[in-house]
Structure formats: C-alpha cells, structure tokens
Amino acid sequence: MTAPDDPSQKRHLLFVGMLGALGPLSLSMHVQSIPVIVVDLASDYAKVQLTVSLFLATFGIGMLLVGPLSDRLGRRTVLFGGLAVFVAASL
C-alpha cells in the first residue's frame with residue numbers, strides 16, 4: 001500500500017489511527033495504574049482489578065448501543081459525541 005499524496009488524506013489517516021489507539025491506550029494506562037490506585041485508595045487489589053472487567057463490559061455494551069445510534073444519527077455526530085464524553089470523563 002502506498003502513502004497518500006493528498007495532505008488532507010494524510011490528516012484523515014492520522015486521525016483514524018489516533019482514534020484506533022484511544023481504547024487500547026486508555027485501558028493500558030488504567031491497568032498500569034492499578035497498584036497506585038490500590039495504595040492511594042487503601043483498597044483491595046482484587047476489587048480494583050474488577051474495574052478492568054467493568055471497562056471491558058461497558059465497552060462491549062457501548063458497541064451494541066453505538067451501532068444503531070450511528071445508523072440513525074450518522075457516524076460523525078456519534079463519533080464527536082463519544083469523544084466529548086470521553087474527554088469529559090477523563091477530566
């Protein structure tokens with residue numbers, strides 16, 4: 001596969017690549033911070049590990065909801081709405 005020559009197409013591919021990395025990156029950051037969360041919140045390690053299961057379950061349920069929603073409202077609207085929710089939750 002050759003690289004695109006059009007600068008707007010390059011930006012589009014970069015944006016899509018960044019979106020694809022967002023989920024694995026957020027999960028990786030969370031998993032690596034589990035020991036710190038256990039110490040800071042004085043919690044049980046097993047209980048904090050359940051948050052990873054909750055993340056994956058929420059991700060799966062979200063896929064079931066986002067698919068029909070994007071069919072009805074359009075992909076772009078749902079994408080930017082989801083990004084806004086992600087940024088707000090991250091802050």
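Bear in mind that the values in this text are calculations on the coordinates, not laboratory data. In this text the structure is predicted, and so the values were computed from the model without any measurement. Every residue, glycine as well, gets a Cβ built from its backbone with ideal geometry; the counts of neighbours run over all protein chains shown.
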| note | Short to long, in 10 Å steps from zero, the percent of alpha-carbon pairs of the chain per bin is 13, 34, 30, 17, 6, 0
| note | If R0 = 30 Å, then LEU41 and ILE61, at their Cβ-Cβ distance, give a FRET efficiency to the nearest 0.05 of 0.75
| So what is the calculated 222 nm ellipticity per residue for the chain, using -39500 (n - 2.57) for each DSSP H run with n of 4 or more, over all residues, to the nearest 500 deg cm²/dmol? | -30000 deg cm²/dmol
| So what J values fall out for region 22-31 if you push phi through Karplus, 6.51 cos²θ - 1.76 cosθ + 1.60 with θ = phi - 60°, rounded to Hz, Gly and Pro as x? | 5, x, x, 5, 5, 5, 5, 5, 5, 4
| message | Which of LEU69, LEU64, LEU91 has the fewest other C-beta atoms within 10 Å, and how do the rest follow up to the most? | response | LEU91, LEU64, LEU69
| message | Using each residue's phi in region 84-91, evaluate 6.51 cos²θ - 1.76 cosθ + 1.60 at θ = phi - 60° and report the 3J(HN,Hα) Karplus result to the nearest Hz, with x for Gly and Pro. | response | 5, 5, 4, 5, 5, 5, 5, 6
